[in-house]
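Visitor: Right, I'll just put the structure down here and ask away after.
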2 protein chains.
Amino acid sequence: MPGIHVNPEIREAEEILRKALALKEVIVIVGSLSIDYVGRSRSRLTPGERIVIIKPDGSILVHRPTGYKPVNWQPDSKIIDVFTHDSEVLVIRSIRGKPREVLTMYFSSVKLIYTDKLVDRGEFAMYIDEHEIRDLLYKHPEIIEEGLRIIEKEKPLRNGYIDLFGVDNRGRPVIIELKRITATREAVLQLYNYVIEYEKTTGIKPRGILVAPSFSTKAVESLNKLGLERREISLQKLWREYLKPSQTISRMQSLMDYLGKGREG
Amino acid sequence: MPGIHVNPEIREAEEILRKALALKEVIVIVGSLSIDYVGRSRSRLTPGERIVIIKPDGSILVHRPTGYKPVNWQPDSKIIDVFTHDSEVLVIRSIRGKPREVLTMYFSSVKLIYTDKLVDRGEFAMYIDEHEIRDLLYKHPEIIEEGLRIIEKEKPLRNGYIDLFGVDNRGRPVIIELKRITATREAVLQLYNYVIEYEKTTGIKPRGILVAPSFSTKAVESLNKLGLERREISLQKLWREYLKPSQTISRMQSLMDYLGKGREG
DNA sequence: ACGTGTATGTCGTTC
DNA sequence: GAACGACGTACACGT
């Protein structure tokens, strides 16, 4: 049973919030506030109208009228205090330990408080992430190179992991680093580090191949300079050619599923 | 003038949203929906209750009842379509080009629609970010080492930038990499890369110093192995000792400012 | 708890 | 527009 409170007085708002926090409800507040943050950094935001979301796990988000990112936030917090100052300012203070971070919101007025126990048992599935690509190339190494045999995926090194480790048709070890987006110089460094590490540990100089849909200019330069290789592989193509049709998402399919299941939600 | 609509019918909701989008209002929707995303990746979320924020710049956020991060989103979108399917499903589709991404939300029911033109002219100020630390150490190199002279900050190399570049009291060039937080092996690699780059370009072997509040075990190992140095510098200490008291934020100060300004907001 | 790597990362800034 | 690096990155996973 959601609670909807329009233009509550400061004292009223305090009451509502205390109750909602105790009940572990999701809270949405729209109002005029200023914010102080002290922790990994320090920041101050002077007054203005924003949307605040407080979740039962202690996550807090403050959104301005534009932009994707919250202007202030708390990924989670153990303690959320609510109090008022002379019945004129509503203060919400969220404290997090490790690292110690304190977020304090000062509301001068509240336009809306929405409180609700949201029921969300939905399942989230993601496709074409690095993990899925890795599994696919593990099964189909010929996509990278004819005659390549993959021996191990996520092979642990002293530091970090090799995405795919294999042997080419001449018996030379091959270290493969995957990127799902344009590979930059950073990715080359990562691969180079693994190659060096492997060579130091085993005394054998391996091939290093960077697999990505595209490569930055600097990445190509660095690869050449360091004697590393690259393979351009398009994810969209992989998706279309190798992944099961049953996994594809069509809008109509989604709508059908939805109409079948929607009424439970 | 905010619009608050509780449990609107699907057709009603469609109307409200169209109007709010045309007026470039901020929109908050609470309801039961499923979501498809196709773009840089693909994802599907089956039905459940969530909070959706749509901003006038086309940013969209979908929040589940827990967690800091939105389960689905669009950083900005040129086109937002709203339509219904047999008056049973409300569909909001957001399309972004470059990269092409399509986010589609299917609502089976809507508990709340809040629409408002939020007025936010607040100023956001952040202190103790990397930039500020760099400027401080530029002015006070003795914090890093007695006799050190800084010649350049953000010195461009063929790849990337050196945070601080200087000369020690024996005339040897020094490359300094700064980290605000615990330095990991990645930071060491970055420094190492700059040192090698510099040596290759000039033929002179510089000192490399990693400056951070703390160092991971692996970072220390790597530093030793590569012949690089480290300086442990606490940001909090820097803040207290070197930055002007006028910049410090006290809660009471904030509250006072706020009470002075709050009524305009 | 620390370390390591991914992310539909996002975001600023520079080339 | 591409690319490069920082971020209060968050988050998951392994030790």
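The values are calculated or read from the model by the stated rules, or taken from the named source; none is laboratory data. Model, not experiment: these values are computed from the prediction. Please note: Cβ atoms are built from the backbone with ideal geometry, for glycine as well, and neighbour counts cover all protein chains shown. We work out accessible area using only protein heavy atoms, side chains counted, and drop any ligands, DNA or RNA first. Shrake-Rupley method; radii C 1.70, N 1.55, O 1.52, S 1.80 Å.
Visitor: Only one of B:166, B:171 is small (Gly, Ala, Ser) and assigned to a strand (DSSP E or B); which?
Guide: Result: B:166 is the single residue among B:166, B:171 that is small (Gly, Ala, Ser) and assigned to a strand (DSSP E or B).
Visitor: Also: Evaluate the following for residue A:223: is it among the aliphatic types (A, V, I, L, M) and within 14 Å of DNA strand C (Cβ to nearest atom)?
Guide: Criteria not met by residue A:223.
Visitor: List the strands (runs of 3 or more DSSP E) that sit entirely inside region B:67-155 and contain at least 3 residues that are away from DNA strand C (no atom under 16 Å from the Cβ), assigned by TED's automatic domain parsing to the domain that holds residue B:181 and touching an Asp or Glu at 6+ places or on another chain (Cβ under 7 Å).
Guide: Hits in region B:67-155: none.
A quick yes/no check of all residues on (1) more than 26 Å from residue B:157 (Cα to Cα); (2) in contact with a Leu (Cβ under 9 Å, 6 or more places away or on another chain); (3) in contact (Cβ under 8 Å) with a residue 60 or more places away in the chain; (4) more than 13 Å from DNA strand D (Cβ to nearest atom):
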{"site": "B:187", "(1), (2), (3), (4)": "no, yes, no, no"}
{"site": "B:205", "(1), (2), (3), (4)": "no, no, no, yes"}
{"site": "B:208", "(1), (2), (3), (4)": "no, yes, no, yes"}
{"site": "B:212", "(1), (2), (3), (4)": "no, yes, no, no"}
{"site": "B:215", "(1), (2), (3), (4)": "no, yes, no, yes"}
{"site": "B:219", "(1), (2), (3), (4)": "no, yes, no, yes"}
{"site": "B:226", "(1), (2), (3), (4)": "no, yes, no, yes"}
{"site": "B:232", "(1), (2), (3), (4)": "no, no, no, yes"}
{"site": "B:241", "(1), (2), (3), (4)": "yes, no, no, yes"}
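Visitor: Is it the case that region B:164-173 has a residue that's more than 16 Å from DNA strand C (Cβ to nearest atom) and among the polar types (S, T, N, Q)?
Guide: Checked region B:164-173: at least one residue is more than 16 Å from DNA strand C (Cβ to nearest atom) and among the polar types (S, T, N, Q).
Visitor: So residue A:56 ticks every box in (1) within 15 Å of DNA strand C (Cβ to nearest atom); (2) at pLDDT 95 or above but one. Which box is left unticked?
Guide: Result: residue A:56 fails condition (1) only.
Visitor: Something else: Restricting the search to region A:194-204, which residues are within 14 Å of another protein chain (Cβ to nearest Cβ) and crowded, with 20+ Cβ neighbours inside 10 Å?
Guide: Correct list: A:194, A:195.
Visitor: Another question about this same structure. Restricting the search to region B:40-55, which residues are in contact with a Ser or Thr (Cβ under 9 Å, 6 or more places away or on another chain) and at the interface with chain A (Cβ under 7 Å from one of its Cβ atoms)?
Guide: B:42, B:44, B:45, B:46, B:47, B:48, B:49, B:50, B:53, B:55
Visitor: So which of B:127, B:138, B:161 ends up being closer than 27 Å to residue B:237 by Cα, aromatic (Phe, Trp, Tyr) and without any contact (Cβ under 8 Å) to a residue 24 or more places away in the chain?
Guide: B:161
Each row is one residue, and each column tells you yes or no for (1) hydroxyl-bearing (Ser, Thr, Tyr); (2) at pLDDT 90 or above.
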{"site": "B:200", "(1), (2)": "no, no"}
{"site": "B:204", "(1), (2)": "no, yes"}
{"site": "B:240", "(1), (2)": "no, no"}
{"site": "B:249", "(1), (2)": "no, no"}
{"site": "B:254", "(1), (2)": "yes, no"}
{"site": "B:264", "(1), (2)": "no, no"}
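Visitor: Can you pull out the residues in region B:15-48 that are assigned to a helix (DSSP H, G or I) and either open to solvent by less than 20 Å² (accessible area, probe 1.4 Å) or within 23 Å of residue A:115 (Cβ to Cβ) (or both)?
Guide: Of everything in region B:15-48, those that are assigned to a helix (DSSP H, G or I) and either open to solvent by less than 20 Å² (accessible area, probe 1.4 Å) or within 23 Å of residue A:115 (Cβ to Cβ) (or both) turn out to be B:16, B:17, B:20.
To keep it simple, each residue is scored yes or no on (1) open to solvent by 50 Å² or more (accessible area, probe 1.4 Å); (2) among the charged types (D, E, K, R); (3) modelled with pLDDT of 95 or more; (4) closer than 24 Å to residue B:47 by Cα.
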| position | (1), (2), (3), (4) |
| --- | --- |
| A:87 | yes, no, no, no |
| A:92 | no, no, yes, no |
| A:100 | yes, yes, no, no |
| A:107 | no, no, yes, no |
| A:117 | yes, yes, yes, yes |
| A:121 | yes, yes, yes, yes |
| A:127 | no, no, no, yes |
| A:130 | no, yes, no, no |
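Visitor: If we keep just the residues of region A:205-228 that are of a type in the set (A, V, I, L, M, F, W, C) and open to solvent by less than 10 Å² (accessible area, probe 1.4 Å), which is nearest to residue A:143 (Cα to Cα)?
Guide: A:211
Visitor: I've got another one for you. Just for region B:49-66: of the residues that are within 16 Å of DNA strand D (Cβ to nearest atom) and surrounded by fewer than 18 Cβ atoms within 10 Å (Cβ to Cβ), which one is nearest to the chain's Cα centre (by Cα)?
Guide: B:57
Visitor: Turning to a different aspect of this structure: Failed condition for residue B:180, given (1) near DNA strand D (Cβ under 10 Å from one of its atoms); (2) within 30 Å of residue A:37 (Cα to Cα); (3) more than 14 Å from chain A (Cβ to nearest Cβ), with all others met?
Guide: Failed condition: (3).
Visitor: Taking the criterion of being more than 20 Å from the chain's Cα centre (by Cα) and under 26 Å from residue B:29 (Cα atoms), would at least one residue in region A:67-77 satisfy it?
Guide: No, region A:67-77 contains no residue that is more than 20 Å from the chain's Cα centre (by Cα) and under 26 Å from residue B:29 (Cα atoms).
Visitor: Filter region B:56-84 down to the residues that are without any contact (Cβ under 8 Å) to a residue 12 or more places away in the chain, within 7 Å of another protein chain (Cβ to nearest Cβ) and of a type outside the set (Val, Ile, Thr) and list them by number.
Guide: Result: B:67, B:68.
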